[in-house]
Amino acid sequence: MTDSVQYPLLFIGMPVYNGERFISIALDSLISQTFQDWTLLISDNGSTDRTEEIAKTYSEIDKRIHYHRHAENKGAVKNFTFVVSQAQARSLCGQQRMMYGSPAF
């Protein structure tokens, strides 16, 4: 008999670098969505602002939010590729730090 792993319906990847100005707005918007079957990976590309502090706070509050920090900036493409490689869900979408919408977005 095999164990069945239950993944969320949606994996959201958020590659970010120095996103302190917008990341809280984006995360608040995501958390307030009516659709709740998701997990989020914030992949911090070696930010030098408060991105790490903000992201860690949200990951402690909401267990669907996961935070990974690269020690140094790997470049946008490698950070995005890392996010995609970590996806564990039935669907995948990208979330830029400045994207936000209505609760039914």
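The values are calculated or read from the model by the stated rules, or taken from the named source; none is laboratory data. Because the structure is a prediction, the values reported are computed rather than measured. Note that we place each Cβ from the backbone using ideal geometry, even for glycine, and neighbour counts take in every protein chain shown.
Listing for the model above:
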{"item": "Segments classed as helices (runs of 4 or more DSSP H), wholly inside the chain, with at least 1 members that are modelled with pLDDT under 95 and in contact with a strand residue (DSSP E or B) (Cβ under 6 Å, 6 or more places away or on another chain)", "result": "76-85"}
{"item": "Contacts under 6 angstrom Cβ, first residue in region 58-82 being among the hydrophobic types (A, V, I, L, M, F, W, C), partner at pLDDT 95 or above and outside any strand (DSSP E or B), 6 or more apart", "result": "ILE65/TYR58; ILE65/SER59"}
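Condition check ((1) of a type in the set (Ser, Thr, Tyr); (2) in contact with a Leu (Cβ under 7 Å, 6 or more places away or on another chain); (3) within 12 Å of ILE65 (Cβ to Cβ)) across all residues:
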site	(1), (2), (3)
LEU9	no, no, no
ILE12	no, yes, yes
ARG21	no, no, no
THR39	yes, no, yes
